[in-house]
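Below is one structure, written out as structure tokens, with a few remarks after it.
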Amino acid sequence: MSEKVLELKGLHAVYGKKIHALKGVSLEVRQGEIVALIGNNGAGKTTMLKTVAGQLKPDQGQVLFEGQSIGGLPSHEIMRRGMSLVPEGRHIFPRLTVFENLEMGAYSRTKQDLEQEYAHVFELFPVLGKRRTQFGGTLSGGEQQMLAMGRALMAAPKVLMLDEPSMGLAPVVVDKIFEIIQRINKEGVTIFLVEQNAKRALQTAARAYVMETGAIVAEGPTSVLLDDPAVKKAYLGLH
Ligand code: ATP
């Protein structure tokens, strides 16, 4: 089996004194995999990604990237080591052009690397190339999602973490986004995909974890989870 790139061990996160959003989450992502984390609204998925990406400090537990503890490091350092996050709600810069938005994802790279990275992003998302001088805020929802993904790819990550990439998008656009996620994975990038759209996530990933109120309640190959009666009932709307 390939190496673990990301491992969470007993991770706890608390907002203020009362809201215990993560209650001992353990999971692992191996080199080259697409791993999904599914769960309903408020389950703690975004909190987990923010903790891994250095935007929140864990209260307890460990985050290991390539075997090294990164829990509590600043987000720019985590990005420099090779993990990029495409945040929920995209958070692109509406008053910067497409090109400038991409530039924001690439501050740690050399100029020569950048040429290659722009070409790569424009090849994956030709529409971004066509709209490179347009302000981010004028793009459609799907194009903004592509821009957020492009921006994360500018750092040439080893692991790309995506928080709800399908949110608010029409089914045909979602198809396109998931097709590109698979393509990015085939190019060698490990994918950690967080989704409320359980069906799409389970169809795209090879393995998945299910989170409920801050804890992992099921895990396994997606082929097994897609057939699991509890998962079908709670997440796939099937009885
Ligand atoms: P969603 O899909 O709705 O974003 P989620 O699974 O990503 O849900 P989180 O956003 O991680 O869930 O929220 C987990 C819990 O932590 C929820 O109870 C939420 O209300 C709470 N929470 C999230 N952010 C904060 C915050 N900044 N301050 C206090 N509580 C928070």
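Could you give the alpha-carbon Rg of segment 128-193 over 2.2 N^0.38 Å, rounded to two decimals?
Details: Rg = 11.9 Å, N = 66, 2.2 N^0.38 = 10.8 Å.
The value comes to 1.10.
Per-residue extension of 0.36 nm, minus the Cα-Cα distance of N40 and E77, leaves a gain of 10.3 nm for this segment. Once the dipole of segment 1-101 is set up with Lys and Arg at +1 and Asp and Glu at -1 on Cβ about the Cα centre, which of S75, A21, L6 lies farthest towards its positive end? Ranked along the dipole, the leading option is A21.
Of the chymotrypsin sites (Phe, Trp or Tyr not before Pro) in segment 3-110, the ones in a loop by DSSP (not H, G, I, E or B) with at most 12 other beta carbons within 10 Å are Y107. Averaging the Cα positions of each part gives two centres, and for segment 191-235 and segment 17-62 these lie 15 Å apart. Using only Cα atoms, tell me the angle between helix 141-153 and the longest principal axis of the chain; keep it within 0 to 90° and round to the nearest 10. In the chain, helix 141-153 runs at an angle near 90 degrees to the longest axis.
Extending 7 Å from Cα along the Cβ direction at E103 and again at E66 yields two label points whose distance is 2.9 nm.
To put it simply, the accessible area of segment 6-153 at a 1.4 Å probe is 50 percent carbon and sulfur. Residue separation of A170 and E123 scaled by 0.36 nm, minus their Cα-Cα distance, works out to 14.7 nm of gained length.
In the chain, the ratio of gyration radius to Kirkwood radius, Rg to Rh, stands at 0.96 when only Cα atoms are counted. Which value, in Å², gives the accessible area per residue of the chain when a 1.4 Å probe is used on the protein heavy atoms? About 48 Å² of surface per residue is accessible. E212 to L96: FRET efficiency via 1/(1 + (r/R0)^6), r the Cβ-Cβ distance, R0 41 Å, to the nearest 0.05? The calculated FRET efficiency here is 0.60.
Within the chain, DSSP assigns beta bridges of which about 55% are antiparallel (rounded to the nearest 5).
Taking 0.36 nm per residue of separation and subtracting the Cα-Cα distance, full extension of the segment from Y15 to K130 would add 37.2 nm. Loop-located GluC sites (Glu not before Pro) across segment 129-211 with a Cβ neighbour count of 12 or fewer within 10 Å are E187, with loop assigned by DSSP. Legend: distances between Cα atoms for K4/K50; K158/K199; K130/K186; K17/K45; K158/K186; pairs beyond 22 Å are K158/K199; K130/K186.
Amide hydrogen proximity for L6: with H placed 1.01 Å from N in the peptide plane, the residues at 5 or more positions away or on another chain lying under 5 Å are V29, E66.
With the helix formula -39500 (n - 2.57) applied to DSSP H stretches of n ≥ 4, the chain reaches a computed 222 nm mean residue ellipticity of -10500 deg cm²/dmol.
Rolling a 1.4 Å probe over the protein chains gives H91 an accessible area of about 120 Å². Assign one of three labels to segment 90-140, namely rounded, prolate or oblate, based on the Cα gyration tensor with a ≥ b ≥ c the square roots of its eigenvalues; rounded applies when a/c is under 1.5, prolate when it is not and a/b is larger than b/c, and oblate otherwise. In terms of gyration-tensor shape, oblate.
Shape verdict for segment 57-115, please, from the Cα gyration tensor: rounded (a/c under 1.5), prolate (a/b greater than b/c) or oblate.
Details: a/c = 3.44, a/b = 1.65, b/c = 2.09.
The shape class here is oblate.
Between rounded, prolate and oblate, where does segment 1-125 land on the alpha carbon gyration tensor, with a ≥ b ≥ c its root eigenvalues, rounded for a/c under 1.5, else prolate if a/b exceeds b/c? Mind dumping the intermediate values first?
Numbers: a/c = 2.00, a/b = 1.55, b/c = 1.29.
Since a/c reaches 1.5 and a/b is larger than b/c, the shape of segment 1-125 is classed as prolate.
The values are calculated or read from the model by the stated rules, or taken from the named source; none is laboratory data. Just so we're clear, the structure is a prediction, and the values are computed from it rather than from any experiment. For neighbour counting, all protein chains shown are included, and Cβ atoms are generated from backbone atoms with ideal geometry for every residue, glycine included. To get the accessible areas, we keep the full protein, side chains included, count just its heavy atoms, and leave off ligands, DNA and RNA. Shrake-Rupley method; radii C 1.70, N 1.55, O 1.52, S 1.80 Å.
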